[in-house]
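Right, one structure below, let's go through it.
Nothing in this text is a laboratory measurement; each read-out follows from the coordinates by a stated rule. As the structure is a prediction and not an experimental result, all values here were calculated from the model. With ideal geometry, Cβ positions are generated from the backbone for all residues, glycine too; neighbour counts draw on all protein chains shown.
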Amino acid sequence: MENLLLSFETILNMKTLLILLCGVTVGIIIGSIPGFTITMGVALTLPFSFSMDPVNGIALMMGVQVGGSSGGLITACLLGIPGTPSAMATTFDGYPMVKNGEAGRALAIGLWSSFVGTILSGIVLVLMTPLLAEWALDFGPWEMFALMLFGISAIASLSEGSLVKGLIAGVIGIAFSLVGTDPLLGTSRFTYGFTELLAGFDFLPVLIGVFAFSQLMADIKKPANTLDLKTDSNVSYPILKTIKDLWTSKLNVIRSSLIGVFVGILPAAGGSIANILSYDIAKKFSRKPETFGTGNKDGVIAAESANNSSIGGAFVPMLAFGIPGDAVTAMMLGALLIHGIQPGPLLMQNQPVLVYGIFISIFIAAIFMLIVQSFGIKMFLKINDIPQHVLIPLILMLCVLGSFAVNNRVFDVWVLLLFGLIGYWMKNSSFPLPPFILGIILGPMVEQNLRQAITINSDLTVFMTRPISAVLIVLAVLSMAYGIYSNIKGSKDAEKLLESK
Amino acid sequence: MREARKDLVNSLIIVAFCGIAYSGILEIPVRGAAKTEADFFPKIIVGLLFVLAIFLLVKSIYGMIKQEKRDNKKERVDWQRLFKENSKVIYTFAIFSVYIFLLQGIGYFISSVIFLFALYLILMPGKKRYITGIIGSVLITVLLFVVFRYGLSVYLPEGKWL
């Protein structure tokens with residue numbers, strides 16, 4: 001209780017609230033620009049969070065994530081183009097609603113669904129995390145190694161594209177994490193004469209390179225369509241009517257939010273999967289499934305409550321085990337490491353004020369999102385008028401200075417370029433990025449736990465005789481089997497499609 | 001480039017990466033002081049990556065053979081078209097590399113203005129790009145200098161004059 005009050009004191013001050021508000025506003029802006037992703041937005045806020053204390057830094061990134069998840073619905077509804085990939089299913093009914101003359105209603109329902117989804121996922125986060133973290137306190141190096149193995153294998157098999165490519169991405173990520181000083185013996189590895197590499201690659205330029213720089217290059221190659229938004233269209237809708245709309249679909253709201261939370265907890269499966277999955281399930285449960293796709297409010301409710309509720313879900317494994325649920329939480333994990341905080345089961349015990357602070361900030365971010373998006377919608381629509389060739393140079397410079405600012409050295413800008421190239425190559429070659437970044441972040445922990453386990457007992461069968469470790473290894477194998485199955489099924493479907501053509 | 005051919009090139013890149021990493025493993029000093037040495041985990045990871053790369057290589061060759069059988073002709077890579085499609089990205093990477101060199105040598109101000117101006121020329125169509133380029137590059141350089149220097153207390157690289 002004392003920690004909770006302390007967290008309230010830490011969060012409820014003008015500075016932190018302003019930071020959260022800025023984060024939410026930036027998130028909505030980034031989310032509403034097609035071609036820019038939430039991960040890119042969070043990567044760009046990393047350098048700013050670096051100079052803040054951990055609570056404020058995480059609050060800033062939390063704001064961007066919550067704002068970005070709901071910002072995607074603006075263009076999804078008004079243009080039929082999702083502002084972010086996690087608003088894909090929002091277009092299915094949001095856009096037809098706008099075409100039917102219900103622009104204000106579509107946006108209001110989407111916004112309030114996002115709000116309810118975020119709040120519900122926050123409640124699950126608060127209830128689940130302490131329980132899981134306490135359970136994980138008994139974990140030894142065997143269980144920790146098995147847990148991380150499961151995290152990486154699940155993220156590789158659940159990510160889009162082929163399983164082999166997912167695994168390659170994860171293993172390359174681990175390979176890059178090996179650069180620097182060996183965690184147990186202090187021997188330098190793969191430094192190739194660069195003293196700057198003795199501490200390994202810094203997370204910040206790596207994350208900005210992989211997520212922001214590579215995305216900018218993709219935008220340069222294929223710019224998003226110039227938008228012709230009708231900013232004069234009526235985008236306002238009474239709050240009471242919106243609440244009534246949601247109340248008549250309360251089961252859908254709760255079901256979709258819970259789907260979002262569950263999907264968020266799974267490694268790799270973030271807002272984009274939650275968005276599509278809950279839409280599909282809402283359609284199956286609907287009494288009038290044929291109206292989906294023609295402007296049914298339940299389609300927007302399902303899609304928007306799920307993509308926002310996946311945020312809280314993704315935080316559960318990150319705070320309880322130190323394993324991120326998606327790319328954005330992977331970056332937040334990296335940010336905590338930059339601040340010298342080791343995420344994992346002990347985080348709840350060692351930094352309770354920080355953890356409770358994260359819990360509280362998700363709720364406040366949701367409230368800010370509701371207020372900012374309600375009142376600023378016309379301004380956010382205008383931002384889409386700015387051509388990308390004006391935005392790209394500014395963002396590219398932010399990438400450069402953000403990377404430089406970590407250690408005040410130009411070497412980190414070279415690291416940015418290297419990982420920007422790697423990220424761009426991976427994007428172009430359909431290698432998923434989340435396993436790569438998870439590999440880089442978890443690599444040192446995987447190695448440390450494996451070697452500690454072997455040092456204590458060189459018998460490898462211990463991994464299978466300890467129940468939790470054995471279950472996690474079996475789960476890792478099962479997730480790989482699922483990956484192989486879905487790959488085979490996918491290629492068979494593709495062949496059938498080709499033959500039919 | 002079709003997916004299978006792309007994967008063939010990718011798998012070869014990864015095999016080459018494994019080769020470089022293996023040469024790095026050979027340089028790790030082994031002290032014989034612990035059950036697991038510093039080269040223990042890198043060997044596992046590079047070995048695993050090599051196996052996965054070979055798997056991708058075999059898969060891509062199989063895919064290419066299947067593709068050729070289906071289309072009944074050999075696929076040719078149109079390098080000119082490929083370069084044209086990616087030209088903006090290639091130029092951006094190139095000027096960015098030059099920018100980092102300049103950043104070290106002549107400092108933040110002049111190098112950033114030159115880089116941003118060049119970037120505007122690449123990205124913007126039409127004659128207006130020269131004026132927009134000059135105004136935009138100076139504006140962004142000054143704005144970010146103020147934010148980072150006075151807002152975040154970051155000392156940006158200084159050159160001889162600025």
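I need the calculated FRET efficiency for the pair B:Trp79 and B:Val15, taking r as the beta carbon distance and R₀ as 22 Å, to the nearest 0.05.
So, using R0 = 22 Å, E works out to roughly 0.45.
For A:453-459, what's the mean count of beta carbons from other chains sitting within 10 Å of each residue's beta carbon?
2
Given H placed 1.01 Å from N in the peptide plane, which residues other than close sequence neighbours of A:Ser188 have an amide H under 5 Å from its amide H?
A:Asp182
How do the peptides A:121-133, B:53-65, A:210-222 rank, highest first, by the average count of neighbouring beta carbon atoms within 10 Å per residue?
Descending packing order for the listed peptides: A:210-222, A:121-133, B:53-65.
How far, in nm, would the chain grow between A:Asn408 and A:Asn457 when pulled straight, counting 0.36 nm per residue and subtracting the alpha carbon separation?
Gain on extension, A:Asn408 to A:Asn457, equals 13.3 nm.
What average count of beta carbons from other chains do you get within 10 Å of the Cβ of residues in A:428-434?
Mean partner shielding for this stretch: 3.
Hey, what does the equivalent ellipsoid look like for the protein assembly as shown, semi-axes from the Cα gyration tensor as sqrt of 5 times each eigenvalue, largest first, whole Å?
Ellipsoid semi-axes (Å, largest first): 35, 31, 29.
Measure nothing but the geometry: give the 0 to 90° angle between the long axis through the Cα atoms of A:271-285 and the longest principal axis through the Cα atoms of chain A, rounded to 10°.
Around 50 degrees separate the two axes.
Using 0.36 nm per residue of separation minus the Cα-Cα distance, give me the extension gain between A:Phe375 and A:Asn350 in nm, one decimal.
Once the chain is fully extended between A:Phe375 and A:Asn350, it gains 5.0 nm.
When the Cα centres of the range A:234-264 and the range A:455-478 are compared, how far apart do they sit, in Å?
That distance is 43 Å.
Sorted by average packing, counted as other Cβ atoms within 10 angstrom per residue and highest first, what order do B:110-121, A:449-460, A:195-206 take?
Top to bottom by mean Cβ count within 10 Å: B:110-121, A:195-206, A:449-460.
Let's test the formula: R0 of 51 Å, r as the Cβ-Cβ distance of B:Ser87 and A:Ile341. What FRET efficiency results, to the nearest 0.05?
It comes out at approximately 0.70.
Any chance you could give the angle, 0 to 90 degrees and rounded to 10, that helix A:54-78 forms with the longest Cα principal axis of chain A?
40
Just tell me how shielded A:190-199 is by partners: mean number of partner chain Cβ atoms within 10 Å of each residue's Cβ, no decimals.
Mean number of neighbouring Cβ atoms from other chains: 1.
Applying the Karplus parametrisation 6.51 cos²θ - 1.76 cosθ + 1.60 with θ = phi - 60° to the phi angles of the range B:94-111, what ³J(HN,Hα) value in whole Hz is obtained for each residue in order, glycine and proline being reported as x?
Calculated HN-Hα couplings, in order: 5, 5, 5, 4, 4, 4, 5, 4, 5, 4, 5, x, 10, x, 5, 4, 5, 5 Hz.
With angles folded into 0 to 90 degrees, how steeply does helix A:141-158 sit against the dominant principal axis of chain A? Use alpha carbons for both and round to 10.
40
Run the helix sum for chain B: -39,500 (n - 2.57) per DSSP H stretch of 4+ residues, divided by residue count, reported at 222 nm to the nearest 500 deg cm²/dmol.
-25500 deg cm²/dmol
Enumerate the lysines that B:Lys84 could reach by cross-link, defined here as Cα to Cα under 17 Å, with residues fewer than 8 away along the same chain left out.
By straight Cα distance, B:Lys84 reaches A:Lys221, A:Lys222.
What are the ³J(HN,Hα) values, in whole Hz, obtained from phi via the Karplus relation 6.51 cos²θ - 1.76 cosθ + 1.60 with θ = phi - 60°, for each residue of the range B:65-70 in sequence order, with x given for Gly and Pro?
4, 4, 4, 5, 5, 5
Compute the semi-axes of the equivalent ellipsoid of the range B:3-71, taking the square root of 5 times each eigenvalue of the Cα gyration tensor, and list them largest first in whole Å.
35, 10, 5
With r as the distance between the Cβ atoms of B:Glu3 and A:Val474 and R0 = 45 Å, compute the FRET efficiency 1/(1 + (r/R0)^6) and round to 0.05.
For R0 = 45 Å, the calculated efficiency reads 0.85.
Show me, for the range A:366-372, the HN-Hα J-couplings you get by feeding each phi into the Karplus relation (A = 6.51, B = -1.76, C = 1.60, θ = phi - 60°), rounded to Hz, glycine and proline as x.
Those phi angles translate into 5, 5, 4, 4, 4, 5, 4 Hz.
Which of the three applies to the range A:426-485, rounded, prolate or oblate, going by the alpha-carbon gyration tensor with a ≥ b ≥ c and a/c under 1.5 meaning rounded?
Oblate is the answer for the range A:426-485, as a/c is 1.5 or above yet b/c matches or exceeds a/b.
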